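Trainee: Got a structure for you, written out below as structure tokens; questions coming shortly.
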Amino acid sequence: MTLRNRVRGSLFGGALGAALGAGLAGMSWAQIKHRFGPGGVTGPTGAYGVHLPMTTNTQLALFTAEGMLRASVRFRSKGICHPPGVVWYAYQRWLATQRRAAPPRAGDTGAGTGAGEHGFVLTGWLITQPVLYARRFPGQATLTGLSLPKPPAAEQRVNPTSKGCGALTRSAPFGLFCDSPATAWTFAAECAAFTHGHPVGVLSAAAFAWIVAEVTYHGRTVVAATESALGRLADEDGAEPVCLALRAALDAATAGPLAGERVAGLGRGTTAERALAIAVYCAAVPADPRAALLASVNHSGDSDSTGVVCGNLLGAVYGENVLPGDWLTALEGADLIGELADDVVRELLDPPTEPEAWGGATLAWFDRYPGG
């Protein structure tokens, strides 16, 4: 399978899972069955007035991908880069979308114009996309963490009690961009700590990025990739809740066909390690991807978060072509997601390069993805 198929599959799969789960926010399994029937939802239900909406989780995942892409452009063009720092500014651009009604107009992108938080400059192609300016109830930990005037120092604990899903759900692009699971882990952990300082929040995001890298670049199954991540987690203080949740997910995956009661047995998915466990379980059990996506959202709990993580995994394993075509056609922002995914693959495999710039990006590419 090509890298393009996996990258597009993961970004599209995550967006579909998030969109499916968005319509179930705050609903218990009993409420879901009462409203949609004994099997729960069987397809899109709509949310925010959109059939299959782009959620906050998808918006942030796209800005993560853009940040990693711009970090690569910066390194090629300037010879120095710390990717998490570049991703921080990508998240600042996302934050600006939540505080503006529409993209900046020409001449309204400079420091001091109010275009960005803390006077930074709004640049690049992604920030000009109107669909990203929709407000879809982002989590408070994400908003407070990203509202800081600069990235937190390593010893600074931002939201130290927060072990929610906000960092986890935006972390697949680290694994899509890094062929080394260890590098994906490092970048995901540092960027998770921008908003979710509890070890569970950080380590769940890091383990997820590791799993995605193992699947994408090394052809691992979800089970094998998760077992590999468990080996890495063994070295970390505070990892026991994440390890227990992932081992429970793997045990459930060997217990038989995909089943709602096994999803329920893994928790509500309202904390990062539980959401990751539900997603791993649903992606690991051999099943039709449509059925796996539906299982990942048909439960009491954070269906948006479990759906996006499951979709990221399914797409990375099986590729774009197995995702329901009728859902992709209706997905809000599908063209944008596909375009960004293709740009990620282009930067990875055949980056636009100026021959006279010793490997640096062409002016057009640097304008699209400024290295900073």
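The values are calculated or read from the model by the stated rules, or taken from the named source; none is laboratory data. This is a predicted model, so every value here is computed, not measured. FYI the Cβ positions are ideal-geometry reconstructions off the backbone, even for glycines, and counts take in every protein chain you see. Side chains are part of the model used for accessible areas, which takes the heavy atoms of the whole protein and leaves out ligands, DNA and RNA. Shrake-Rupley method; radii C 1.70, N 1.55, O 1.52, S 1.80 Å.
Trainee: How many angstrom separate the Cα center of region 336-367 from the Cα center of region 216-279?
Mentor: Taking the Cα centre of each part, region 336-367 and region 216-279 sit 35 Å apart.
Trainee: Using the Kirkwood radius over Cα pairs, work out the Stokes-Einstein diffusion coefficient for region 120-221 at 25 °C and 0.890 mPa s, in µm²/s as a whole number. Each step should come with its number before you reach the end.
Mentor: Values: Rh = 14.4 Å.
In µm²/s, the coefficient rounds to 170.
Trainee: Could you give the dipole magnitude of the chain about its Cα centre, charging the beta-carbon of Lys and Arg +1 and that of Asp and Glu -1, in debye to the nearest 20? Walk me through the numbers before you get to the answer.
Mentor: Details: 28 positive and 30 negative charges, 145 e Å.
Around 700 debye, computed over the chain.
Trainee: How big is region 287-365 along each principal axis, measuring the range of its Cα positions in Å and listing the largest first?
Mentor: Here the spans come out as 56, 22, 21 Å, largest first.
Trainee: Treat every Asp and Glu Cβ in region 30-105 as -1 and every Lys and Arg Cβ as +1, leave all other atoms uncharged, and give the resulting dipole magnitude about the Cα centre to the nearest 20 debye. Display every interim value, and only then the final one.
Mentor: Numbers: 10 positive and 1 negative charges, 56 e Å.
With only Lys, Arg, Asp and Glu charged at Cβ, the dipole is about 260 debye.
Trainee: Follow-up question, since we're still on this one. Using the heavy atoms of the protein chains alone and a 1.4 angstrom probe, what is the accessible area of the chain per residue in square angstrom?
Mentor: On the way: 14120 Å² over 372 residues.
Heavy-atom SASA per residue in the chain reads 38 Å².
Trainee: Hull surface divided by four, with the convex hull built on the Cα atoms of region 48-107: how many nm²?
Mentor: Details: hull surface 22.2 nm².
Mean shadow area of the hull around the Cα atoms is 5.6 nm².
Trainee: Hey, another quick one. How much mean residue ellipticity at 222 nm does the chain get from its helices, if each DSSP H run of length 4 or more adds -39500 (n - 2.57) and you divide by all residues, to the nearest 500 deg cm²/dmol? Let's see the in-between values first.
Mentor: Values: 17 runs with 209 residues, N = 372.
Rounded to the nearest 500, it is -17500 deg cm²/dmol.
Trainee: Also: Ranked by accessible surface with a 1.4 Å probe, highest first, in what order do THR169, THR353 come? Please list the in-between numbers first.
Mentor: Working: THR169 0, THR353 60 Å².
Ranked from most to least accessible, the order is THR353, THR169.
Trainee: May I ask you to derive the relative contact order of the chain, considering only C-alpha pairs under 8 Å and at least 6 residues apart, and to give it as an integer percent?
Mentor: Details: 748 pairs, mean separation 109.4, N = 372.
Normalised by residue count, the contact order of the chain is 29 percent.
Trainee: While we're on this one: Which ³J(HN,Hα) values in Hz, rounded to whole numbers, follow from the phi angles of region 137-142 under the Karplus curve 6.51 cos²θ - 1.76 cosθ + 1.60, where θ = phi - 60° and Gly and Pro get x?
Mentor: Rounded to whole hertz, the list is 6, x, x, 5, 4, 5.
Trainee: Which of the listed residues, TRP365, SER296, VAL280, is farthest toward the dipole's positive end in the chain, when Lys, Arg count +1 and Asp, Glu count -1 at the beta-carbon?
Mentor: It is SER296, whose Cα lies furthest towards the positive end.
Trainee: Taking only complete DSSP H runs, can you tell me which helices of the chain stretch 15 Å or more along their own long axis by Cα positions and average at least 0.0 on the Kyte-Doolittle scale?
Mentor: Working: long enough: 3-22 (28 Å, 0.48); 56-78 (32 Å, -0.15); 83-97 (21 Å, -0.06); 181-192 (16 Å, 0.57); 199-218 (27 Å, 1.23); 222-233 (16 Å, 0.96); 240-253 (20 Å, 1.00); 272-284 (18 Å, 1.27); 303-318 (22 Å, 0.79); 334-349 (22 Å, 0.58).
Span-like helices here: 3-22, 181-192, 199-218, 222-233, 240-253, 272-284, 303-318, 334-349.
Trainee: When each pair of different Cα atoms in the chain is counted once in the 1/r mean, what is the Kirkwood radius in angstroms, to one decimal?
Mentor: Values: mean 1/r = 0.0496 Å⁻¹.
Result for the chain stands at 20.2 Å.
Trainee: Let me ask you something else. Can you list residues from other chains, or at least 5 along the same chain, whose modelled amide H is less than 5 Å from the amide H of ALA361?
Mentor: SER77, GLU354
Trainee: With an 8 Å Cα cut-off and a minimum separation of 6 or more residues, compute the relative contact order for region 208-329 in percent. The partial results should precede the final answer.
Mentor: Details: 159 pairs, mean separation 30.1, N = 122.
Result for region 208-329 is 25 percent.
Trainee: Next up: For region 254-320, with equal point scatterers placed on the C-alpha atoms only and solvent neglected, what are the log10 I(q)/I(0) values from the Debye formula at q = 0.16, 0.17 1/Å, to two decimals?
Mentor: -0.41, -0.47
Trainee: Please report, for the Cα atoms of region 215-277, the Rg to one decimal and the Dmax as a whole number; what are they, in angstrom?
Mentor: Both quantities, over Cα of region 215-277: 12.2, 34 Å.
Trainee: Using +1 at the C-beta of Lys and Arg and -1 at the C-beta of Asp and Glu, which of LEU314, THR329, LEU244 has the Cα lying farthest in the positive direction of the dipole of region 234-372?
Mentor: Positive-end residue among those listed: LEU244.
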